[in-house]
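Only one structure is covered here, and it is reproduced in the block below.
Nothing in this text is a laboratory measurement; each read-out follows from the coordinates by a stated rule. Here the structure is a predicted model, which means the values were calculated and not measured. Backbone-built Cβ (ideal geometry, glycine too); neighbour counts: all protein chains shown.
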Amino acid sequence: MARLLVCALSAAFALAAFPAGAAEKVKIGFISTLSGPNGVTGKEMLDGFKLGITDAHGKFGGRDVDLVTGDDQGKPDVGVEVARKLLDKDKVELVTGVVLSNILLAVSNVVLPKHVILISLNAGASDLAGRECSPYFFNVSFQNDSVPEAMGANLQEKGLKHVYLLAPNYAAGRDMLNGFKRTYKGSIVGEVYTQMNQLDFAAELSAIQAAKPEAVFIFYPGSMGINFIRQYAEWGLKAQIPLYATTFTMDQTLLPAMGNDAIGIMNSGFWSESLDNPENRVFVERFEAEFKRIPSAFAATAYDGARLIDAAMRATGGRIDSADAFRKALEAAKFASVRGHFRFNTNHFPIQDYYLFQVEKGPSGELVDTMRERIFSNRPDSYVSECKMK
Ligand code: PHB
């Protein structure tokens, strides 16, 4: 009898100390492009997220983290299958990751109707910032249009009159060029959407040569970026027509493969290894010590994402079983971003600063993307007014 009482009391104590659902490991689903032309980006995000977990001592909100990863292979239908498996079989409590916007849009249709929180660590599709914003969706990186809006504003200020634009033909490519056109008011002499994952740009380079624009602006992530930059230089165009990009092409996952062809290229972004704030200095040092390479923006936003989830879970005592309560904790979460200024807008997308960077050789001969100037301070995205958050 006495033993029964002790058992009952200890069970009651355990329940009081750990509210239901908070005592066990927290299962986090991580969907990413881990193979194919954007595979390097997904792996980089995973490394950044894992470092965030390590630096939180393996726990979010006091619960051990069980990270369940899935490779979407850069295909929306595979992303949907991965999301279904994570939710139905693995029973993850939250889904994060996602490199590509077309996959984000497909995956969000599976995750959000179940009232499970989805946090994008990269893709920032415009639909999810505006008309289709959701209380259960957060983006901890950027809204796609915002980064090229900064470049457009900078080229407008420089007084350029004729610019030629190129991007892959998918959701993010269209957002990126729309963003550029929103702030750049000169004439657009070419607006070309190439096939997703196209690696040979001979036809496009020949068209650029014929059009003789004053400058070219591109959005090419992953292997597309490496090939475009190399071929632009091989064709002798780099010396004739200045090329402008975003950090999504001039980042540390791609720069080593570009070599000297990347030097001098100006690009806009919200983060680079050169950003000088205390959190970033620690992050870059930690990442280099762990992985023996310089981190990229993909690792930086993933690291921030891990710290965001930890901060929100600490506020709820480790619970994320109520998506409505956890969403409020995410909205209010305080974490020191490696970007410096960072806060969520009402559509759950960042308000942050955007910069002009330029690729140059660092002290040991490595390529670095050096900050030249701040273009926007505390900039909201351009879709927030279309978001009627329920
Ligand atoms: C996207 O699809 O949203 C995307 C992909 C790669 C990037 C940036 C954005 O580097």
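Estimated from the Cβ-Cβ distance and a Förster radius of 41 angstrom, the FRET efficiency linking D90 and N378 is about 0.60. Classify region 173-213 from the C-alpha gyration tensor, please: rounded if a/c falls under 1.5, else prolate or oblate depending on whether a/b exceeds b/c. Oblate, since a/c reaches 1.5 and b/c is not below a/b. Principal axis analysis of the Cα atoms in region 203-359 yields extents of 61, 35, 24 Å, listed in decreasing size.
According to the Cα-based calculation, Rg over Rh for region 203-295 is 1.05, with Rh computed by the Kirkwood formula.
Span-like helix criteria (full DSSP H runs; alpha carbon extent of at least 30 Å along the helix axis; mean Kyte-Doolittle hydropathy of at least 0.5) are satisfied in the chain by no helix. When the charge dipole of region 95-228 is built from unit charges on Cβ atoms (+1 for Lys and Arg, -1 for Asp and Glu) and taken about the Cα centre, the candidate among Q156, H115, P221 whose Cα reaches farthest toward its positive end is Q156. Charge dipole of region 57-193 (Cα centre as origin; +1 on each Lys and Arg Cβ, -1 on each Asp and Glu Cβ, all else neutral): 320 debye, rounded to the nearest 20. Loop-located trypsin sites (Lys or Arg not before Pro) in region 89-185 (DSSP state not H, G, I, E or B) with no more than 15 neighbouring Cβ atoms inside 10 Å: K89, K91, R131, K161, K185.
Look at the dipole of the chain built from charges on Cβ: of G48, V140, N280, the Cα furthest out on the positive end belongs to V140. Derived from the Cα gyration tensor, the three semi-axes of the equivalent ellipsoid of region 45-152 are 23, 18, 13 Å, largest first.
Quick one: longest stretch of the chain between exposed loop GluC sites (Glu not before Pro), exposed meaning at most 15 other C-beta atoms within 10 Å and loop per DSSP? Result, exposed sites excluded: 25-365. Taking Cα centre as origin and charging only the Cβ of basic (Lys, Arg, +1) and acidic (Asp, Glu, -1) residues, the dipole magnitude of the chain rounds to 820 debye.
If the chain linking K328 and D276 were pulled fully straight, counting 0.36 nm for each residue of separation and taking away their Cα-Cα distance, it would gain 15.7 nm.
Each label was represented as a point 7 Å from its Cα along the Cα-to-Cβ direction; for K25 and S364 these points are 3.5 nm apart.
Remind me, relative contact order of the chain in percent, using alpha carbon pairs under 8 angstrom and six or more residues apart? All intermediate terms of the calculation are to be shown ahead of the outcome.
On the way: 841 pairs, mean separation 74.3, N = 390.
Averaging sequence separation for qualifying contacts and normalising by length gives 19 percent for the chain.
Multiplying the residue separation of D321 and S385 by 0.36 nm and removing their Cα-Cα distance gives an extension gain of 20.1 nm.
Where only DSSP H runs of four or more residues are counted, the chain gives -12500 deg cm²/dmol as its mean residue ellipticity at 222 nm, each run worth -39500 (n - 2.57). Using C-alpha pairs under 8 Å with a sequence gap of at least 6, the mean separation divided by the residue count of region 53-161 gives a relative contact order of 18 percent. The value for the chain of Rg(Cα) / (2.2 N^0.38 Å) is 1.03. For the chain, DSSP calls about 35 percent of its internal beta bridges antiparallel.
Placing +1 on the Cβ of each Lys and Arg and -1 on the Cβ of each Asp and Glu in the chain, which of I263, F180, S377 has its Cα farthest towards the positive end of the resulting dipole? Final value for the positive-end residue is S377. For region 124-178, the calculated P(r) over all alpha carbon pairs, in 10 Å bins from 0 to the bin holding the longest distance, is 21, 45, 25, 8, 1 percent.
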